[in-house]
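Some notes on the structure that comes next.
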Amino acid sequence: MPVLVMKFGGTSVANIDRIRRAAKRVGLEVAKGYDVIVIVSAMSGKTNELVGWVNEISPLHDAREYDAVVSAGENVTAGLMALTLQEMDIPARSWQGWQVPLKTNSAHSAARIESIPTDNINGRFAQGMRVAVVAGFQGISPEGRITTLGRGGSDTTAVAFAAAFDAERCDIYTDVDGVYTTDPRITSKARKLDKIAFEEMLELASLGAKVLQTRSVELAMRYNVKLRVLSSFEEPSDEAGTLVCAEEEIMESKVVSGIAYSRDEAKMTLISVADRPGIAAAIFGPLSEAGVNVDMIIQNIAEEGRTDMTFSCPTDQVLRAEKALREAKERGDINYHDLVADTNVAKVSAVGIGMRSQSGVAAKMFKTLSDEGINIKVIATSEIKISVLIDRKYMELAVQALHDAFELDKAA
Ligand code: ADP
Ligand code: ASP
Ligand code: MG
């Protein structure tokens with residue numbers, strides 16, 4: 001029988017009523033003749049609570065124990081979903097990551113999937129089971145320890161299962177009815193897109209649009225998974241949601257197709273470092289070893305052989321970054337006067353494939369922000385995006401102003 005993957009995010013399984021509602025959707029697909037693999041997230045708020053407890057006990061925690069704790073939320077929903085389906089007389093069974101087993105590398109808290117054997121679950125399908133409920137977000141390392149795939153990782157579990165089982169489609173059920181031109185929570189003018197290209201979705205996700213985890217889009221693109229984002233609160237329909245697909249399948253094309261933001265950015269500045277060959281390697285090597293995801297970097301013009309180096313990273317990695325740099329200084333590998341962390345910044349980005357062939361987007365973006373009196377602290381560009389770091393208090397204003405300036409409320 002054809003296989004369908006259905007993933008339910010935290011708000012879609014937030015309580016027993018919602019689990020029942022999600023299970024009903026699964027029942028509809030089973031009735032159409034699909035064998036269904038359901039991927040569940042933790043009930044909304046649960047993972048945050050678990051992360052909070054870990055950080056309270058140990059701010060610079062052992063990532064193996066972090067994973068042992070934060071993976072737990074999904075175990076509960078997987079079991080509850082299987083029970084709900086059984087109550088509906090649908091043969092269902094739950095699997096935790098290690099039982100599949102979903103094998104990952106050892107990069108705890110941000111592990112990458114290495115393989116998903118299908119024999120175990122397929123064997124059960126062959127015996128008449130109709131739904132395999134799998135706990136999202138978690139896997140098992142070569143050392144036999146539980147790993148997690150990074151925040152939002154259930155999306156990636158879902159796409160990886162769709163690829164491994166050659167599923168007809170991967171449906172991501174969430175609390176919005178598709179991918180919008182920007183987060184609909186920030187502006188009511190945000191417009192739902194019927195289709196979005198993999199490349200654009202990849203940029204939006206990596207720049208903060210958490211509707212899909214970046215890795216999930218990467219996998220869907222690589223394995224050509226038919227990926228759809230839709231709401232678990234709306235009536236079922238074949239046209240619902242947003243299809244994430246190849247660029248060629250899209251007619252509508254605007255220069256800028258979406259605005260993304262990331263609230264949890266920090267800007268760190270090393271004041272007065274020696275400007276010599278190898279200094280960047282001496283700074284960013286230890287940061288990378290400490291697992292700090294450095295994003296934007298600027299090096300100022302040197303004066304009398306010394307310069308300031310600024311970079312951005314997620315706010316929750318500031319402690320790690322400070323420790324790594326302090327240790328590098330103590331070893332004598334780098335020398336700086338001061339290290340200043342600004343945790344009140346946010347990143348706002350404009351994304352669009354059309355930027356490849358059209359100039360003037362950066363100028364328009366900078367003018368729009370300047371008209372609103374918003375100061376730009378750092379700029380980064382690539383072929384299809386422009387990002388700026390600004391004071392966090394202006395983040396929503398910036399998103400709204402850019403959405404207006406690029407007329408994203410209007411279809412192309
Ligand atoms: P889930 O728990 O279902 O995985 P998430 O909270 O991870 O849901 O992702 C859905 C949220 O993503 C939405 O509620 C919305 O606020 C946010 N979001 C950010 N950018 C976008 C966008 N461009 N389109 C749709 N949703 C977006
Ligand atoms: N529960 C995990 C998180 O909140 C994984 C997910 O929901 O995708 O990050
Ligand atoms: Mg999510």
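Rounded to the nearest angstrom and ordered from largest down, what semi-axes does the equivalent ellipsoid of the chain get from its C-alpha gyration tensor (root of 5λ)? Display every interim value, and only then the final one.
On the way: eigenvalues 302, 150, 59 Å².
Taking √(5λ) for each eigenvalue gives 39, 27, 17 Å, largest first.
Would you calculate the volume per residue, in Å³, of the smallest convex hull containing every Cα atom of segment 89-129? If you can, show how the numbers build up before the last one.
Details: hull volume 2.8 nm³, N = 41.
Hull volume over Cα atoms, normalised by residue count, gives 69 Å³.
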How much length would be gained if the chain were fully extended between ARG356 and ALA240, taking 0.36 nm per residue of separation minus their Cα-Cα distance, in nm to one decimal?
38.8 nm
Sorted from largest down, what three extents in whole angstroms do the Cα atoms of segment 44-168 have along their principal axes?
47, 30, 23
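With a cap of 12 neighbouring Cβ atoms within 10 Å, and only residues DSSP puts in a loop, list the trypsin sites (Lys or Arg not before Pro) found in segment 317-402.
Values: sites: ARG320, LYS323, ARG326, LYS329, ARG331, LYS347, ARG356, LYS364, LYS367, LYS377, LYS385, ARG392, LYS393; in loops: ARG331, LYS377.
Qualifying residues, ordered by number: ARG331.
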Against the globular-protein guess of 2.2 N^0.38 Å, express the Cα radius of gyration of segment 223-270 as a ratio, rounded to two decimals.
1.76
Run through the DSSP bridge list for segment 86-168 and note the antiparallel percent, rounded to the nearest 5.
50
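Per residue, what volume in Å³ does the Cα convex hull of segment 209-248 take up?
Working: hull volume 3.5 nm³, N = 40.
In segment 209-248, the Cα hull volume divided by residue count equals 87 Å³.
Sort GLU330, GLU114 by Cβ crowding within 10 Å, fewest neighbours at the top. Don't skip to the end; give the middle numbers.
On the way: GLU330 9, GLU114 13.
By the 10 Å Cβ count, ascending, the order reads GLU330, GLU114.
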Descending principal axes extents, segment 263-412, alpha-carbon based, whole Å
56, 28, 27
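Count the DSSP beta bridges whose two residues both fall in segment 135-285, then state the antiparallel fraction as a percent rounded to the nearest 5.
Numbers: 7 of 15 bridges.
If we restrict to bridges inside segment 135-285, about 45 percent are antiparallel.
Provide Rg over Rh for segment 25-64; use the alpha carbon set for both Rg and the Kirkwood Rh (inverse mean inverse pair distance).
Values: Rg = 17.6 Å, Rh = 13.2 Å.
Result: Rg/Rh = 1.34.
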Taking 0.36 nm per residue of separation between ILE57 and MET129 and subtracting their Cα-Cα distance, the length gained on full extension comes to 21.7 nm
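Can you show me the helix-derived [θ] at 222 nm for the chain, built from DSSP H runs with n ≥ 4 at -39,500 (n - 2.57) apiece and divided by the number of residues, rounded to the nearest 500.
Numbers: 12 runs with 136 residues, N = 412.
That calculation yields -10000 deg cm²/dmol at 222 nm.
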Label 7 Å along Cα→Cβ of ASN75; segment 1-40 residues with amide nitrogen under 17 Å?
40
Length released on extending from ILE271 to GLN299, taking residue separation times 0.36 nm less the Cα-Cα span
9.0 nm
Where GluC sites (Glu not before Pro) fall in DSSP loop in segment 364-402, at most 11 other Cβ within 10 Å
GLU383
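Read-outs throughout are calculated quantities, based only on the coordinates presented, and are distinct from any laboratory measurement. Nothing here was measured: the structure is a model prediction, and the numbers come from that model. Note that each Cβ is placed from the backbone with ideal geometry, even for glycine, and that neighbours are counted across all protein chains shown.
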